[in-house]
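Data first, discussion second: the structure below is written as structure tokens.
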Amino acid sequence: PRPPPPPPPPFFVKWLVANLVVLGAWAWWLPKISQQAHGRLRNWWIEEPTAEVLWEAVNDLYGVAQLGRVEGVGIGLLVCCGALGVWAWRGRPWSVGLSLGLGLGGVLLLFGLSFWRPMFLSRAVLWTTVPIAALVAGGVMGLRPWPVRGAVLVVLLGLYGKNVQSYHRFVEKPAWDAVAEYVETRDEPGDLVVFLWAHDDAAFDYYYPERSAGAPRRIGLVRDPSAEFVPGVDPALSYVTLERVPYDVLPSEAVGYGRVWVVTERGDEHLPAELQALGALEHTEVFREIRVMRFAGVGPAAEAGL
């Protein structure tokens, strides 16, 4: 007689293998994540944890905000399917515990730690949606009869598929990739790059990491370079990788540089008067809401006259 087939692997093994496959597929991005996180966490400007912040994160992860009036339908349907998943897996307590512990516990753990040091962002708990999705799938697959199961699946896929499509169609990300490429292909050794209230300078660094040699100096203008970060109060102190320079020191700091690049999202009415000390404005390039202005700079002759 033929031997019986081997038993299927336990659910936890399949779940673990599936996560390792996903991690392996995205492994090429891990060096960029490490580079982006290096040296930033200490002073990153993040809001204090509140109930509103928690709800916004839940809505970011599970809502369909791009669909307007049916925004709450997606979350409500997920909650119902998740509860059905708990019932369907009632004979597998480890599976339920892992899904809820990682899915909900991961969010609550980071939220609780943020009372000690603000670090709660929806992107930081994006991974917790995977075990919740598994629990929801268990609830959907347990629905009977099959036409009901099929209808719920179609509604879920339709809602979230349309939400993703609407996001990519109507929401434009700041063009930091184009800004970084523009500066990188035109700057020269001895240039100065100045950020004005650009707490997204981390995005600029992602696309244009500092070179070991010949890189332009980068500074961020702030009102008080010695001030502590105050979440929710002063986004102008959001520079996480830049040397902080007070506004009134900019004219002397800019002396001796061949050219000065100013990167800003501000309109003309909000530009500081200190920019007039950077020499003649040679060119301005606009990338959606971000402007890159190139000034002639203040040469060594002006430095000698100070």
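The values are calculated or read from the model by the stated rules, or taken from the named source; none is laboratory data. Remember, it's a predicted structure, so these values are computed and weren't measured experimentally. Note that each Cβ is placed from the backbone with ideal geometry, even for glycine, and that neighbours are counted across all protein chains shown. What goes into the accessible areas is simple: the full protein's heavy atoms, side chains included, and nothing from ligands, DNA or RNA. Shrake-Rupley method; radii C 1.70, N 1.55, O 1.52, S 1.80 Å.
Close amide H pairs (under 5 Å, H built 1.01 Å from N) link GLY256 with VAL298, GLY299, GLU303, residues at least 5 positions away or on another chain.
Using R0 = 51 Å, the C-beta based FRET efficiency linking VAL79 and GLU269 works out to 0.65. Given R0 = 51 Å, the distance between the Cβ atoms of ARG2 and VAL164 translates into a calculated FRET efficiency of 0.60. Between ARG218 and VAL193, the built amide H atoms are under 5 Å apart, and every one of these is 5 or more places off in sequence or on another chain. Multiplying the residue separation of ALA27 and ALA280 by 0.36 nm and subtracting their alpha-carbon distance yields 86.5 nm. With a 1.4 Å probe rolled over the protein heavy atoms of all chains, the accessible area of TRP55, TRP29 falls in the order TRP55, TRP29, largest first.
For region 89-196, the set of GluC sites (Glu not before Pro) satisfying both a DSSP loop assignment and a count of at most 15 other C-beta atoms within 10 Å is given as GLU172.
When the surface is traced with a 1.4 Å probe over the full set of protein chains, LYS162 keeps roughly 100 Å² accessible. If you bin all the Cα-Cα distances of region 27-182 at 10 Å, starting from zero, the percentages per bin are 10, 29, 34, 21, 6, 1. Accessible surface of SER252, taken over heavy atoms with a 1.4 Å probe and every protein chain present, rounds to 70 Å².
Per residue, the average separation of C-alpha pairs within less than 8 Å and at least 6 apart gives region 98-171 a relative contact order of 28 percent. A straight chain from GLU188 to TRP127 at 0.36 nm per residue would run longer than the Cα-Cα distance by 17.9 nm.
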